[in-house]
Protein chains: 2
Amino acid sequence: MAANDDVHRASTFAPVNIAIIKYWGKRDTKLNLPTNGSISVTLSQDDLRTHTTASCSAALADDSLTLNNAPQDISGARTQACLRELRALRKELEDADSSLPKLSELKLKIVSQNNFPTAAGLASSAAGFAALVRAIANLYELPTSPTDLSRIARQGSGSACRSLMGGYVAWQKGEQADGSDSVAYEVASASHWPDMRALILVASAEKKDVSSTAGMQQTVASSALFQHRADEVVPKRMKAMEKAIHNRDFESFAKLTTKDSNNFHATCLDTDPPIFYMNDTSRAAVRMCEYINASHPEEKQYCAYTFDAGPNAVVYYLAEHEDTVAGTFKSVVGDKTGWEGARGQKIKATPLPEGAEVAAEKLNSGISRVILTSVGDGPRKTDKHLA
Amino acid sequence: MAANDDVHRASTFAPVNIAIIKYWGKRDTKLNLPTNGSISVTLSQDDLRTHTTASCSAALADDSLTLNNAPQDISGARTQACLRELRALRKELEDADSSLPKLSELKLKIVSQNNFPTAAGLASSAAGFAALVRAIANLYELPTSPTDLSRIARQGSGSACRSLMGGYVAWQKGEQADGSDSVAYEVASASHWPDMRALILVASAEKKDVSSTAGMQQTVASSALFQHRADEVVPKRMKAMEKAIHNRDFESFAKLTTKDSNNFHATCLDTDPPIFYMNDTSRAAVRMCEYINASHPEEKQYCAYTFDAGPNAVVYYLAEHEDTVAGTFKSVVGDKTGWEGARGQKIKATPLPEGAEVAAEKLNSGISRVILTSVGDGPRKTDKHLA
């Protein structure tokens, strides 16, 4: 048995995920139970990740969390729910095996770092809560499966449940009132369809009108179209998207991704008062993707755009079309930060599609940086601990 | 009986109308039968109007139409349908009374002038077709009611049917396959609720992505939300809006107007490919209206915005709030064209609501002119003929 003054610790990296069938609207705000299912692509931790170390010792007076060296308030119900559930699971282990140290009785110190700028407007709470849950589960040596952990992470931040797995991840809506079946599962691993690439176009900072937590409940309460989306539109798309992923069918993947992004933003616009996340820069990104797709005689989908609760575009494409898709954007925003790495340098700027000049100009003035990334795996345990 | 070389002529003014429950989507593209009903406010012809003279004589070799001195193609099925139906009605009169000159056998010369710049992006086809139909009906001395004429004008341009009446006008969807019951009727005259004012914020010219005729059928074909709007959302709003008009209930009028505008644009965004008519300037106009409404302790609706198939905002408000609503916009875009008239000069620039600075700056850079107008009456016969 460990001495009382031992420090126990464990660390993990957790990935960002970007939804291709969007989560928007809760049927239970306390448990973060969604009105509809969602599917996301887990992005590579080589490019974007949260690094979290969880430690506990008898010397700690309180639970604490720092993110990027700034102390965070952890008294909120969401963080507390995660800590409570993880401690309860640890307690079960301790009760079953008295030789285990009583970590569940010690205070927790959680230290987190994102490797991407907060200003990038990426949904950092998903990676953040996934890392927190995964790090504490590692610390507690819980045998809990990623799907079971996803039920816990969901209570911290809905979309966090999808960051506990790699590749292509679905979060099923679930039917139970207690949320026990509202969990994430892997639709397919990253290795099933490894050539999925993503280019994130980070729009110049603009103050966000509405937080996504507040926004989605305004939509639920006031949109005349929202319930139809949740009940009729999304369930069909969930099935079709899973099929597209299983079949590595980029054509269907792309169509479903763009349509669902637009459908989600349509319900935002239909909110009272209306919520606008897409701006003129976002619109230019949409048009540029359309120009790229239209510039091929066979009219195939070379790229698909999606927008979260902000103006940034995430453009998905296959590795084989990197020069065409990322190359076109390089010719438009090649002067921005983000092309410096080995991969970015290798991409050749491709001539603009015909007619795309206006969209190109708008994009160049509205985009501040790009992030080149790809589909990636789930949380990675690490021995690198944050102090 | 008139001699063969007599020139017969008649002239009319016809108004612009701006929908408050939007027309978007046809169930029959040939007959211009809509998927849902709509309601509009007829705007004053003192400010915005089409002036049309219809004449016929044996000396004319062909039917012709000029608009703002430029010859127009009238061979299109829509114009031809209007001419054919009007001639048939005239023929019925001539058949019943042989003393009438056989005008139905003569070619028509139609001359039209708009008193507003085409660049203003106002739906000029509504006023144009209403004026064409009304002028020819005057020339032919048809006893046909405005509602019966609206059935004809609808075939020229859907929303034209609502410009044949003044005040508050509904276009009922109708059920018949031949469109016989898809007509306009007056919900209430301008004198029933005369203090309705409108401020049109004309956005700087930007090339229109998609024509509204093409756009609406793309929406019908591809939006997952559109049918729900047409079947469920609009019918309830039609009833509620008629009630609001009857009760002169601006609170309800404003809520329904803004919600329906946003709902319509939501289905545009949900179209594949997405249609964006609102831009960042439009969004700033929305926010400015919200600031104005929020700046009163009682949180009443002082103004309501609506957007047609373009970025221009039309802001409705009551005369008693002219200084608050138009005054706020004067403080924001007072340097633009359109405030020169007696009414515009009288309006005092009102201090900006708290927090509205960003929206104000965006509006000032994106708006090129304003038009101050109000609810008005239906087409006016005139003896001023265009040559």
Taking a straight Cα-to-Cα line shorter than 14 Å from residue A:107, and setting aside same-chain aspartates and glutamates fewer than 8 residues away, one finds A:5, A:6, A:62, A:63
What pairs in B:259/B:348; B:30/B:255; B:30/B:173; A:259/A:381; A:259/B:362; A:300/A:348 have C-alpha atoms more than 25 Å from each other? B:259/B:348; B:30/B:255; A:259/A:381; A:259/B:362
What aspartates and glutamates sit close enough to residue B:239 to cross-link, taking a C-alpha to C-alpha distance under 19 Å and skipping anything fewer than 8 places away on the same chain? B:175, B:181, B:186, B:231, B:249, B:251, B:260
If you put +1 on each Lys and Arg Cβ and -1 on each Asp and Glu Cβ, how big is the dipole of chain A around its Cα centre, in Debye rounded to 20? 200
Can you list the HN-Hα couplings for region B:337-342, worked out from phi with the Karplus curve (6.51, -1.76, 1.60; θ = phi - 60°), rounded to whole Hz and with x for Gly and Pro? 4, x, 9, 6, x, 4
Positive-end residue, chain A charge dipole about Cα centroid, Cβ charges, pick of A:352, A:174, A:39: A:352
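So, counting K/R as plus one and D/E as minus one, what does the shell of residues with Cβ under 15 Å around residue B:156 add up to?
Details: positive: B:26, B:30, B:78, B:84, B:87, B:134, B:151, B:154, B:162; negative: B:28, B:63, B:73, B:85, B:148.
Its environment carries a net charge of +4.
Near residue B:80, within a Cβ-to-Cβ distance under 12 Å, what is the net charge of the other residues, with Lys and Arg +1 and Asp and Glu -1?
So the environment of residue B:80 carries a net charge of +1.
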Cut-off 15 Å between beta-carbons: net charge of the residues surrounding residue B:239, Lys and Arg +1, Asp and Glu -1: +1
Estimated inter-spin distance, residue A:205 and residue A:227, nm [label 7 Å along Cα→Cβ]: 4.1
Which whole-angstrom value gives the distance between the alpha carbon centres of region A:42-98 and region A:297-341? 36
Quick check for me: using +1 on Lys/Arg Cβ and -1 on Asp/Glu Cβ, what's the dipole size of the protein assembly as shown about its Cα centre, in debye to the nearest 20? 240
Return the ratio Rg/(2.2 N^0.38 Å) for chain B, where Rg is computed over Cα atoms only. 1.00
So which aspartates and glutamates can residue A:346 reach, going by Cα to Cα under 14 Å and dropping same-chain residues fewer than 8 places off? A:320, A:322, A:323
Distance histogram for region A:8-189 (every C-alpha pair counted, 5 angstrom bins, percent rounded to whole numbers): 1, 9, 17, 22, 20, 16, 9, 4, 1, 0
For the protein assembly as shown, what does -39500 (n - 2.57) per DSSP helix run (n ≥ 4), summed and divided by total residues, give at 222 nm, in deg cm²/dmol to the nearest 500? -11000 deg cm²/dmol
If contacts are Cα pairs under 8 angstrom and at least 6 residues apart, what is the relative contact order of chain B in percent? 23
Other-chain or far-sequence residues with amide H under 5 Å of residue A:318's (modelled H): A:197
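Every number here is computed from the coordinates shown, using simple stated rules; none is lab data. If you're wondering where the values come from, they're calculated on a predicted model, not measured in any experiment. For neighbour counting, all protein chains shown are included, and Cβ atoms are generated from backbone atoms with ideal geometry for every residue, glycine included.
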